[in-house]
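Here the structure comes first, spelled out in structure tokens, and everything after it is commentary.
The values are calculated or read from the model by the stated rules, or taken from the named source; none is laboratory data. Everything numeric in this text was worked out from a predicted model, so none of it was measured. Cβ sites come from the backbone with ideal geometry, for glycine too, and all protein chains shown count toward neighbours. Accessible surface areas use protein heavy atoms only, side chains included; no ligands, DNA or RNA. Shrake-Rupley method; radii C 1.70, N 1.55, O 1.52, S 1.80 Å.
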Amino acid sequence: MAGHRFRHPATPLLGAAMLASGVLLVALGARLSFLLDDWVFILYRRGFNLDAFMRPDNEHFVAGPVAIWKLLLGAFGMGSTVPFRVVSTALFLVGVWLTFVWMRRRVGEWASLFAAVLVLFLGAAFDDFLWFSSITFLGSMAFGLGMLVALDRRDRVGDRWACALLVGSLLFSSLWLAFAAGAALDVVLRREERPWGGRAYVVVVPALLFAAWWLGWGHTAESALSLHNLATTPLYVLDSIAAAIAALLGLAIPVEGATAANGLDWGRPLAIVLIGLAAWRMSRLERIPRSLWVVLAIGLAFWALGGLDVKVGRAASDSRYQYPGAVFVLLFAAELLRGVRLDRRLLGPAIVVVGAAVLANVTFLHEAYKSYLGTSQLERADLGAAEIARDTVEPGLVLSEDIADTGYVSVDVGSYLSARDAFGSPAYDAEELAAAPEAARTAADKVLAAALRIELTPAQGRPETASPPPRLISAGEVRPAAGGSCVVVQSIPVAPTILELPPGGVSLRPAGEVEARLRRYAPSFPVDAGALTPDRWSSLAIPTDRSRRRWQLKLVGSATITACGLAG
């Protein structure tokens, strides 16, 4: 029978689709940096003590992901994300294969193939594919789906495997609780086949492990549980089902620059219709399969737990929830249609529908990738700036969104530089930074100004000067001043005056009102140095760092300005 299944064309076709999906995801992910939660795992779980593995991430038990992070960082460092993408993609592909295996036993090869292909190219689930920290969900799904396949054996060996795999799901995220609900129901519903007391360990063992973790560490996690969330959970569940259906059919709509998904306008009416059809189908079945209740319990538990813990960034249509949601919808559909085989006359229309959905989803995935590529370029520039300024920067400086131009790298510089020394650098070096996109160079200048603490400061009298003097590179007129380390600049009202500053910085004394702005790598002048006080000296000190590129100063205003090289 196994050999016959393998000879069915659906199996090699699925293999080809899995290869195409895997290559696509690794190729896209390889050009991205680590994002947001990734930095938490890299920087703030450095030790090998128990707390590093047991401390919750949000509300999740993440000992499994922490172990994978440590293994990959130790073996490959963080200079390239390719090894990380290979691992996360492999976990995803294992989950898809297990989905196919489980569905094939219900609805045959062709329907299972089409379902698997929809999941393989589920563009609305881009967060799960493009963030390595999403191995929390990918791992829980792979182990949880393996547990379902093991339970399908209906023997003692299958139960033992199911228990072990449920423990594996537990080690990755709280998503395991949904699979535990299904396993517990399976134990109860099959008590006539085998006494439930002899099978209870399938759920009890991981439950005891989870309870021990929760008592020791998990109870410290923040929770969004509230009466409001309880009241709105039914609507959240409906929206979750709607979003999953829309995602599968390629109807999810990119919003917020393709970093979020929302297919509810299409999904809600489709969900209502399909839920009605599902109820009708169940009423027509002579006997509802027990495993239908099991997969229904898994899906409802997942969505209900999400509804109870809703907070900002956890909407039902958010990208990270679409892969599990889509799989649970498909598992339920397979149970409803158990024994039904796809008529060959419907293969053509099915291929058209699946092809259209895949095309829409791949387009969506690419849009999300482009958005995250821009974010990655900002991150690499921000971190490159921190490395350039590492001899001066305060370790506690946080690369917050207001200076880094992205909220996806909110880390303190001291922790980053420590990890960089241990694992290599994912950042732009000075040459790469000079050739980076404009937005990235702008962000780098803002980080450099903050890291070097560059700002205008009032001076009592003329500061100590040093050669060379600033060099005029745009607009205005310039003439040397006495001493050789100063120049007198006559700015003009029709265009700003731009000076290239000497290594130590500059001291300035304007005869009128002048605004000053700085740049180093940026095409514009993103750093506001402030206003110069007329007829008073001000200093703009430039600490020495690891780049030879000079800062440039833009002076806006019509005035005569004495500018001197500042002694370092």
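Under 1.5 on a/c is rounded, so check that first for the range 209-336, then, if it is not, pick prolate when a/b is larger than b/c and oblate when it is not; a ≥ b ≥ c are the square roots of the alpha carbon gyration tensor eigenvalues. The shape class here is oblate. Under the definition of Cα pairs under 8 Å and six or more residues apart, what whole-number percent is the relative contact order of the range 1-113? For the range 1-113, the relative contact order is 36 percent.
Each label was represented as a point 7 Å from its Cα along the Cα-to-Cβ direction; for V204 and D343 these points are 5.1 nm apart. For the pair the range 533-568 / the range 288-310, the C-alpha centres are spaced 64 Å from each other.
In this structure H366 has an accessible area near 80 Å², from a 1.4 Å probe over the protein heavy atoms. The convex hull of the Cα atoms of the range 154-268, projected and averaged over all directions, covers 10.4 nm². Summing charges over neighbours of A52, with a neighbour being any other residue whose Cβ is under 15 Å away from its Cβ, gives +2 when K and R count +1 and D and E count -1. Computed over protein heavy atoms with a 1.4 angstrom probe, the accessible surface ordering of I253, I68, largest first, is I253, I68. Counting only alpha carbon atoms, the long axis of helix 347-388 and the longest principal axis of the chain meet at about 30°.
Relative contact order of the chain, taken over Cα pairs closer than 8 Å and 6 or more residues apart, is 14 percent.
Looking at the range 120-193, the accessible area is 28 square angstrom per residue; that uses a 1.4 Å probe and ignores ligands, DNA and RNA. With all protein chains in place and ligands, DNA and RNA left out, the 1.4 Å accessible area ranks V310, V488 as V310, V488, largest first. A crude spin-label estimate for the pair A531 and R194, with each label 7 Å from Cα along the Cβ direction, gives 8.1 nm. Maximal additional length on extending the L305-S467 stretch stands at 51.6 nm, based on 0.36 nm per residue less the C-alpha distance. Against the criterion of solvent-accessible heavy-atom surface with a 1.4 angstrom probe, T220, T233 sort, most first, into T220, T233. Surface composition of the chain: carbon and sulfur make up 62 percent of the accessible area, probe 1.4 Å. Measuring spread by the Cα atoms of the range 401-478 yields a radius of gyration and Dmax of 17.3, 50 Å. Got the relative contact order for the range 217-371 handy, in percent, Cα pairs under 8 Å and 6 or more residues apart? Computed value for the range 217-371: 37 percent relative contact order.
Calculated translational diffusion coefficient of the chain (10 °C, 1.306 mPa s; Stokes-Einstein with Kirkwood radius over alpha-carbon pairs) equals 59 µm²/s.
One decimal place: the segment L50-R31 gains 3.5 nm when fully extended, by the rule 0.36 nm per residue minus the C-alpha distance.
Rolling a 1.4 Å probe across the protein heavy atoms gives the range 245-355 an accessible surface of 50 Å² per residue.
Applying 0.36 nm per residue to the separation of L373 and Q490 and subtracting their alpha-carbon distance, the gain on full extension is 37.8 nm. Per residue, the range 27-103 exposes 35 Å² of solvent-accessible protein surface, assessed with a 1.4 angstrom probe and all protein chains in place. Once all protein chains are placed together, S400 keeps about 40 Å² accessible to a 1.4 angstrom probe.
Between the Cα long axis of helix 413-423 and the first principal axis of the chain there is an angle of about 70°, rounded to the nearest 10. The overall shape of the range 185-251, judged from the alpha-carbon gyration tensor, is oblate: a/c is not under 1.5, and a/b is no greater than b/c.
For the range 120-182, pairs of C-alpha atoms spaced more than 18 angstrom apart make up 39 percent of the total.
Report the Cα centroid-to-centroid distance between the range 1-80 and the range 374-413 in angstrom, as an integer. That distance is 25 Å. Rounded, prolate or oblate: pick one for the range 434-492, where a ≥ b ≥ c are the square roots of the eigenvalues of its C-alpha gyration tensor, a/c under 1.5 means rounded, and failing that, prolate if a/b is larger than b/c, else oblate. The shape class here is oblate. Once ligands and nucleic acids are excluded and a 1.4 Å probe is used, how much of K70 is accessible, expressed in Å² to the nearest 10? Here the accessible area works out near 30 Å².
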